[in-house]
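All remarks here apply to the structure that follows.
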Amino acid sequence: MRIIAIGALLSLYAVTAQAAGPSCKGTAAEKKLAGAALTSFMTKCQKDAQASCDTAAQEKKLNGAAKTSFTKKCVKDATGA
């Protein structure tokens, strides 16, 4: 059972990473942002990514450690950290 849950979680990561599009860092580099503009953009982008990932975790009905792990990975992928 544990192996099936881990396999399902890893497959969710792959789907999320493919659907995410360009990361915050990539977008900031394209826009050639620096200094305060970069900081502001990255902060907003991270907050947006957190909200989006929380919603995705809720839609997938994840709870506890699975939700935390999914959200952390999702935000990391979205921000390019």
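The values are calculated or read from the model by the stated rules, or taken from the named source; none is laboratory data. If you're wondering where the values come from, they're calculated on a predicted model, not measured in any experiment. Cβ coordinates were reconstructed from backbone atoms using ideal geometry, including for glycine residues, and neighbour counts include every protein chain displayed. Surface accessibility is based on the protein's heavy atoms, side chains included, excluding ligands, DNA and RNA. Shrake-Rupley method; radii C 1.70, N 1.55, O 1.52, S 1.80 Å.
In table form, for the structure just shown:
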{"quantity": "Residues (among the small types (Gly, Ala, Ser) and more than 14 Å from the chain's Cα centre (by Cα)) located in the stretch 27-65", "calculated": "Ala28, Ala29, Ala34, Gly35, Ala36, Ala37, Ser40, Gly64, Ala65"}
{"quantity": "Any pair with Cβ under 6 angstrom, 6 or more apart, that starts in the stretch 56-81 at a residue that is within 24 Å of Ala29 (Cα to Cα) and in a helix (DSSP H, G or I) and ends at one that is open to solvent by 70 Å² or more (accessible area, probe 1.4 Å) and polar (S, T, N, Q)", "calculated": "Val75/Gln50; Thr79/Gln46"}
{"quantity": "Among (1) open to solvent by 60 Å² or more (accessible area, probe 1.4 Å); (2) modelled with pLDDT of 90 or more; (3) assigned to a helix (DSSP H, G or I) - the single one Gln18 does not satisfy", "calculated": "(2)"}
